[in-house]
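Working notes, structure below.
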Amino acid sequence: MKPWFSWRRAVTILRKESLDALRDRRTLLMILLPPLFAGPLFLMLIFSLIASQSERVQTPALAVQGSMHAPALIAFLERQQVTLKHLPDDYENQIRRGRIDVALIIPETFPDDVAAGRAASVQLIYDRSRDRAQVTIAQMEYLLTAYGKEWGKLRLLLRGIAPEVAAPLKIEAVNLATPQQSGALILSLVAFYALFATLTGGMAVALDASAGERERQSLQPLLITPAQPFEIVAGKWAAAATVNVFVVALTLAGFYLTLRFAPLPAVGMPFLFGLMEVGRFSITLLPMALLLPALHFYVGIRGRSVREAQASTSALLLLFSLLPIAQMFLQYREPDWIAAVPVAGHYALLTRALRGEMLSNIDIVWVYAVPLALLLLVLIAAAQRLNKEARL
Amino acid sequence: MIELTHLSKRFGKHGEIHAVADVSFRAPSGQITGLLGPNGAGKTTLLRMLSTLLIPDEGHARVAGFDAVTDRHQVRCHIGVLSDARGLYPRLSTVENIAYFGSLYGLTGRALNERIAFLLETLDMQALAHRKTEGFSQGERMKVAIARALIHDPPVILLDEPTNGLDVTSVRLLRGFLRALRDQGKCLIFSSHVMSEVATLCDTIMVLNHGRLIAQGTADDFRRKTAQASLEDAFFALLEGDETKRGAA
């Protein structure tokens, strides 16, 4: 009777596919470039963005017109270490282009209004749609409000009234987000990127071993050999999965090394992506790194050509890009059962790891059980498909 | 040895296309059996059933003593097939392409290397041994595909239009090689739509038309039967006779 599964043949197929993949230099380069360069580059970009924002916060600049009308206000702003600049005539244009974040116009009527005891108005001009200006805008609004309050307090004191009468509510802000948590907000992009690597790392190899084999017309000769469909599927999947795991590991190593050793601009934010996080990421990503090459292989074996198979995998691409983005905007914490949902669960666990939370055993069980069960199903389905192929 | 008994295969939604209809014949070892017929006569379908890639709707096929349906694995171990799909792995060298299939047939180490060396020599392709097969000519690709199909020295060899796209030199080399295999006692089936091709090489010719076996015998038998001097005319006379019969029925 025929043997159901021969390890020797499966390993032969794995070795041949690995050799084939290693020989394909151009594809290999395209697989390895993103983790080696894109990851670190992308971190650099985020960091310099944060750095330029915190620079703004430290020395906010304000373009002022009519500073001679309110010397006391100007002195207050200078004491608050605001860099004051002269407001050019085409300021509206400059604000829209982002050369100026905020402008302040003090009208001529300011001193008369103050003298008459009327509310004296100043104009604060900005473009709220510009993200980079947000911090400076908020700070200027805060400073002007503070100045107004201070002024009001003095007026009340002059009239013999305690300032508390006009300010019955005092707000003391206590920000509960730990430094790790605010860092994790930005690092959620790292989680997204790492999860994406499990999707793309082994794709080229899996498609070449399935749709490519058909396109080259070498599938039929292979099916006539004694190799059983499940041996063929297992061998080819193992080759693609090995490449995928390698690419994911490289991506994580790239992030770790960049955050650890690269000369990133100093941002007073403790970014936690140490060995502990690398470990938690690896544990969470492994089942996906194993499952996805199998899915690619299945799609590939159904496609007539590599091009057709690539078109079909774009559905997976959509799932991988949309789910995490939806979660990013989600304001609530995900329910506990999310761990059982592939992609969404993995993304949730990755962000939790970044927040410095432990992974619970139940989460780990779910994060493995569902993808591994799917993996087995997909491999069996692919083998059945090959079997049918052989007996049309 | 191959034995077909009432082999049939239908295609199409309602089985309206009778690709192979009630074909029975024996192809003994030590002979080259030709499958001759126009395009669409059912040659490829017949060969695919013999190579276990298709399940017949009716009838049986025994290949090297094993049933092509119930003992598929054994049949696969005993046949070498040069099918219409003969793609190679372009990033692997000639030897790597051949060795891959050898390993799948369970050959390893010295036995594998010796067999590869023998095939490279017989097919006169030592110069190609360590070149990647990307950019090989039709003839070079065919040689690699044949070596790959015969790596396990199978007793039954199925060739589907092997001379398609080959130049005269390659065809001559292939003929010599196939005759040598016959003399070793192998059972060969050779399909073609070219009468002269089949007549020069084959010991027995099976003529197929519309999936049915309409004549079997040697080239001389056909010439005598149809009273035609040339082989081509004899072949046409056979096909025409069949068409008339079909028209009458």
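What percent do you get for the relative contact order of chain A when only Cα pairs under 8 Å and 6+ apart count?
Values: 453 pairs, mean separation 81.9, N = 392.
Relative CO of chain A lands at 21 percent.
Any lysines with Cα under 27 Å of the A:Lys153 Cα? List them, leaving off those in the same chain fewer than 8 positions away.
Qualifying lysines at Cα under 27 Å: A:Lys170.
Straight-line reach from A:Lys16: which lysines fall under 16 Å, measuring Cα to Cα and dropping same-chain residues less than 8 apart?
Result set, ordered by chain and number: A:Lys236, B:Lys132.
Per-residue counts of other Cβ atoms within 10 Å, averaged by peptide: what ranking do you get for B:12-23, B:62-73, highest first?
On the way: B:12-23: 15.2, B:62-73: 17.8.
Highest to lowest by the protection proxy: B:62-73, B:12-23.
For the stretch A:2-27 and the stretch A:351-365, compute the distance between their C-alpha centroids and round to whole Å.
With the stretch A:2-27 and the stretch A:351-365 each reduced to a Cα centre, they are spaced 35 Å.
Please compute the net charge surrounding B:Thr5, taking Lys and Arg as +1 and Asp and Glu as -1 over other residues with Cβ under 12 Å from its Cβ. Don't skip to the answer; put the middle values down first.
Values: positive: B:Arg26, B:Arg62; negative: B:Glu3, B:Asp22, B:Glu58, B:Asp67.
Net local charge, B:Thr5 excluded: -2.
If you consider only alpha-carbon coordinates, what radius of gyration and Dmax does the stretch B:123-249 have, in Å?
Gyration radius and largest Cα-Cα distance of the stretch B:123-249: 17.5, 59 Å.
At 222 nm, what value in deg cm²/dmol follows for chain A if DSSP H runs of at least 4 each add -39500 (n - 2.57) and the sum is divided by all its residues, to the nearest 500?
-22500 deg cm²/dmol
Ranking request for peptides B:159-168, B:27-36: highest mean number of other beta-carbon atoms within 10 Å first, then the rest in descending order. If you can, show how the numbers build up before the last one.
Working: B:159-168: 16.8, B:27-36: 21.2.
Final packing ranking: B:27-36, B:159-168.
Which percent, to the nearest 5, of DSSP beta bridges fully inside chain A are antiparallel?
Of the beta bridges lying entirely in chain A, close to 35 percent run antiparallel.
Points 7 angstrom from Cα along the Cβ direction at A:Arg216 and B:Asp221: gap in nanometres?
4.3 nm
Rounded to the nearest 500 deg cm²/dmol, what is the calculated helix-only ellipticity per residue at 222 nm for chain B, with -39500 (n - 2.57) per DSSP H run of length n ≥ 4? Intermediate values should be presented prior to the final figure.
Details: 9 runs with 101 residues, N = 249.
Only helices count here, giving -12500 deg cm²/dmol.
For A:Ser67 and A:Ala340, FRET efficiency with R0 = 60 Å and r from the beta-carbon atoms, rounded to 0.05?
Numbers: r = 62 Å, r/R0 = 1.04.
Between A:Ala340 and A:Ser67 the formula returns 0.45.
Between A:Glu78 and A:Leu322, what FRET efficiency follows from the Cβ-Cβ distance if R0 is 41 Å, with the result rounded to 0.05?
Details: r = 49 Å, r/R0 = 1.20.
Using R0 = 41 Å, I get an efficiency of 0.25.
Going highest first, how would you order A:374-380, B:146-152 by mean Cβ packing within 10 Å? Walk me through the intermediate numbers first.
On the way: A:374-380: 16.3, B:146-152: 23.4.
Packing order, densest peptide first, comes out as B:146-152, A:374-380.
Work through the residues other than A:Ala167 whose Cβ is under 12 Å from its Cβ and net out their charges, Lys, Arg +1 and Asp, Glu -1. Numbers along the way, then the final one.
Values: positive: A:Lys149, A:Lys153, A:Lys170; negative: A:Glu150, A:Glu164.
Once all neighbours under 12 Å are counted, the net charge is +1.
Which whole-number value in Å³ per residue fits the convex hull of the alpha carbons of the protein assembly as shown? Could you put the intermediate results ahead of the total?
Numbers: hull volume 156.4 nm³, N = 641.
Convex hull volume per residue, Cα atoms: 244 Å³.
What distance in nm separates the two pseudo spin-label positions at A:Thr145 and A:Glu92, each 7 Å out from Cα along the beta-carbon direction?
So the label points at A:Thr145 and A:Glu92 sit 2.8 nm apart.
Using only alpha carbon pairs under 8 Å that are at least six residues apart, calculate the relative contact order of the stretch B:150-217 and give it in whole percent.
Details: 54 pairs, mean separation 20.5, N = 68.
With pairs under 8 Å counted, the relative contact order is 30 percent.
Would you mind computing Rg(Cα) / (2.2 N^0.38 Å) for the stretch A:97-139, counting N as its residues? Let's see the in-between values first.
Details: Rg = 13.7 Å, N = 43, 2.2 N^0.38 = 9.2 Å.
After normalising by residue count via 2.2 N^0.38 Å, the value is 1.49.
Quickly work out the B:Asp67-to-A:Ala119 label distance, labels modelled 7 Å from Cα along the C-beta direction, and quote it in nm with one decimal.
About 9.8 nm, to one decimal.
Between A:Lys85 and A:Leu33, what FRET efficiency comes out of the Förster formula 1/(1 + (r/R0)^6) with R0 = 30 Å and r the beta carbon distance, rounded to 0.05? Each step should come with its number before you reach the end.
Working: r = 43 Å, r/R0 = 1.45.
E between A:Leu33 and A:Lys85, to the nearest 0.05, is 0.10.
For B:Lys9, list the lysines whose Cα falls under 19 Å from its own Cα; do not include residues on the same chain fewer than 8 positions away.
Within the straight-line limit of under 19 Å, B:Lys9 reaches these lysines: A:Lys388, B:Lys43.
May I ask for the net charge around B:Ser170, where only other residues with Cβ less than 9 Å from the Cβ of B:Ser170 are counted and Lys, Arg are +1 while Asp, Glu are -1?
On the way: positive: B:Lys143, B:Arg172; negative: B:Glu140, B:Asp167.
Around B:Ser170, the charge tally is 0.
Find how much the distance from A:Ile380 to A:Arg26 grows on full extension, using 0.36 nm per residue of separation minus their present alpha carbon separation; answer in nm with one decimal.
Details: separation 354, 0.36 × 354 = 127.44 nm, distance 3.13 nm.
Result for the pair: 124.3 nm of gain on full extension.
Could you tell me what percent of the DSSP beta bridges with both partners in the stretch A:60-165 are antiparallel, to the nearest 5?
Details: 4 of 11 bridges.
Bridges in the stretch A:60-165 that DSSP calls antiparallel: roughly 35 percent.
Could you work out the Rg to Rh ratio of the stretch A:60-165, with Rh taken as the Kirkwood radius (inverse of the mean 1/r over all Cα pairs)?
Values: Rg = 15.0 Å, Rh = 14.8 Å.
Taking Rg over the Kirkwood Rh, I get 1.01.
Once the Cα gyration tensor of chain B is diagonalised, what are the square roots of 5 times its eigenvalues, in whole Å and ordered largest first, as equivalent ellipsoid semi-axes?
On the way: eigenvalues 206, 88, 52 Å².
Over the Cα atoms of chain B, the semi-axes work out to 32, 21, 16 Å.
Read the figures in this text as sums done on the coordinates, not as results from a lab. Bear in mind that the values here come from a model prediction, so they are computed numbers and not experimental data. No Cβ is skipped: glycine too gets one built from the backbone with ideal geometry, and neighbour counts run over all protein chains shown.
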